[in-house]
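Heads up: the structure comes next, in structure tokens.
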Amino acid sequence: MSSAYTCVETRARAPEMALDVLGGTERAEALEHLGSCAVCRSYLAELTEVVDALPVLIAEADPPVGFERRTLERMGAAEPRWRRRVGRTAVALIAALAVGAAASIVRVVGVRLAESEPPRVAATVTEARLVDRDGSPLGSVVVPTGSEHVVFVALDGSLPRGAYTLDGRDDSRVWSHVHRFDVGRSAAHFAAAIPDSAWPLRVVRVVDASGSTVARSALHPVGAAARAG
Amino acid sequence: MWSVSDDALLAGLAAGDPDAAAAFVERFQRRVYGLALAIIGEPRAAEEVAREAFVRVWRHASTYDPRRGTVPTWVLSICRSVAIEHLALGPGRPLDPAGTLPADDTGGGPEEAATMGDDIVRLRDALDHLPPDERRALSLAEFQGLTAAEVGARVGVPVFTAQSRIRAAMLRLHSALAREGGRGEGGRA
Ligand SMILES: [Zn+2]
């Protein structure tokens, strides 16, 4: 403990730490100092930015023929089954959720669909705000009324960390389990398949680990707003 | 034809969307493969490294934090780590590192330079002005993952000298980035 470096000693080693080429005792002692010195931590973060930026300067190169297909196959091999059900509009919707505005949801969906599918789906996107018990916004929920029964959820991060479930129901009063998810440090986006028992989806709720409902959302069509967007 | 932002594409990838995955790979493959090839120096192994980098990006897509850097920076830093791991496990590191930092005639080309952030332009400029010894030492550490002792052995100078060169190079680049106050646009804190 008492042998941990001073600021000067730590800063001298910060370049090698940022490059991740400092080993053994020196690294351990520098880490110990960094644990209690915000100034040196911030200096190290700046040097790490330099290290991370350098690869951007390397020239691009054309990969071998078939690289993209082989890479996607490798990625797909480990893909959870439910994810494959997510339809063609997923990217556009997730993109819009990331932006966070209903108008752009409709606009992006429209752009995407123009490439590959008839625009009817864009007119039947359902979007709603997810709110807590006090009515404060927690995120948004989007359901495209296409052949794929999928719900997209974007949380803005104000839920406490922990495990949650998303339930949904149709016009009946019976809830069906839709998806289990964890809230970590950052905002979360996910897509989940809606079970037939909850279709057509009218209401979703978020339940925490203790079984309390922490958020809910009634879904309403925003198709009419599409043209304005 | 694909106007979705890098961040949105990554969010789609995190959600497991196959279209997002395809668009993501298409958008980044030349940069990722270019970096892998520069570090590894051999096309077959470079392809393996680039592919592993994409798999890792896909697995960790939901952990990306935009406050820490842009999507391309994040993706390439993952590729760099994978490539260095590959070198460390392999039969031997390339004798003459192809991963030498680029000369000023390489890189994305003029039209790409126009779209690069100010900080990247300053960084490249600072790099071009590094003394060759410092540049070599930095390159060996950055792209081969060599420690100061290993750099010294490779170049034929004492550890202390190698260490000084790495540190000096980093400090020059750091002050180039810090100049004009900017941490760059990308919303970094
Ligand atoms: Zn300190």
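Within the span defined as segment A:177-193, every residue fails to be within 24 Å of residue B:12 (Cβ to Cβ), modelled with pLDDT of 80 or more and in a loop (DSSP other than H, G, I, E, B).
Here is the figure for segment B:33-52: residues that are within 7 Å of chain A (Cβ to nearest Cβ) and either closer than 20 Å to residue A:54 by Cβ or in contact with a Gly (Cβ under 8 Å, 6 or more places away or on another chain) (or both) total 6.
When every residue of segment A:7-20 is checked against the conditions, none turns out to be away from the ligand (no atom under 15 Å from the Cβ), over 15 Å from residue B:173 (Cβ atoms) and surrounded by 18 or more Cβ atoms within 10 Å (Cβ to Cβ). Confirm whether residue B:101 is modelled with pLDDT of 95 or more and assigned by TED's automatic domain parsing to the domain that holds residue B:7. Criteria not met by residue B:101. Scanning segment A:27-76 for residues that are among the small types (Gly, Ala, Ser) and touching an Asp or Glu at 6+ places or on another chain (Cβ under 8 Å) yields A:30, A:53.
Just one residue in the set B:5, B:77 is free of Cβ contacts under 8 Å to residues at least 60 places away in the same chain, out of contact with any strand residue (DSSP E or B) (no Cβ under 8 Å at 6 or more places or on another chain) and under 19 Å from residue B:120 (Cα atoms); that residue is B:77.
Given the criteria touching a Pro at 6+ places or on another chain (Cβ under 9 Å) and either assigned to a helix (DSSP H, G or I) or more than 16 Å from the ligand (Cβ to nearest atom) (or both), does residue A:64 qualify? So residue A:64 passes the test. Exactly one residue among B:30, B:59 is within 9 Å of another protein chain (Cβ to nearest Cβ), over 15 Å from the mean Cα position of the chain (by Cα) and more than 25 Å from residue B:146 (Cβ to Cβ), and that residue is B:59.
Within segment A:28-49, residues that are under 23 Å from residue B:173 (Cα atoms) have Cβ atoms under 7 Å from residues that are of a type in the set (Lys, Arg) and within 11 Å of the ligand (Cβ to nearest atom) in these pairs: A:34/A:41; A:40/A:11; A:43/A:11, counting only partners at least 6 apart in sequence or on another chain. Each residue in segment B:11-39 was checked for being at pLDDT below 85 and outside any loop (DSSP other than H, G, I, E, B), and 7 pass.
Checking each residue in segment A:28-40 for being within 15 Å of the ligand (Cβ to nearest atom) and either part of a helix (DSSP H, G or I) or within 14 Å of chain B (Cβ to nearest Cβ) (or both) picks out A:29, A:30, A:31, A:32, A:33, A:34, A:38, A:39, A:40. Scanning segment A:41-54 for residues that are within 15 Å of the ligand (Cβ to nearest atom) and either on the phi > 0 side of the Ramachandran plot or among the hydrophobic types (A, V, I, L, M, F, W, C) (or both) gives A:44, A:45, A:47. Regarding residue B:132, is this residue within 9 Å of chain A (Cβ to nearest Cβ) and either modelled with pLDDT of 85 or more or touching a helix residue (DSSP H, G or I) at 6+ places or on another chain (Cβ under 8 Å) (or both)? No, not satisfied. Residues that are more than 9 Å from every other protein chain (Cβ to nearest Cβ) and not hydrophobic (A, V, I, L, M, F, W, C) within segment B:145-178 comprise B:152, B:154, B:156, B:158, B:161, B:164, B:165, B:172, B:175, listed in sequence order.
The values are calculated or read from the model by the stated rules, or taken from the named source; none is laboratory data. The model shown is predicted, which means the values in this text are computed figures rather than measured ones. When we count neighbours, we look across all protein chains shown, and the Cβ atoms used for this are built from the backbone with ideal geometry, even at glycine.
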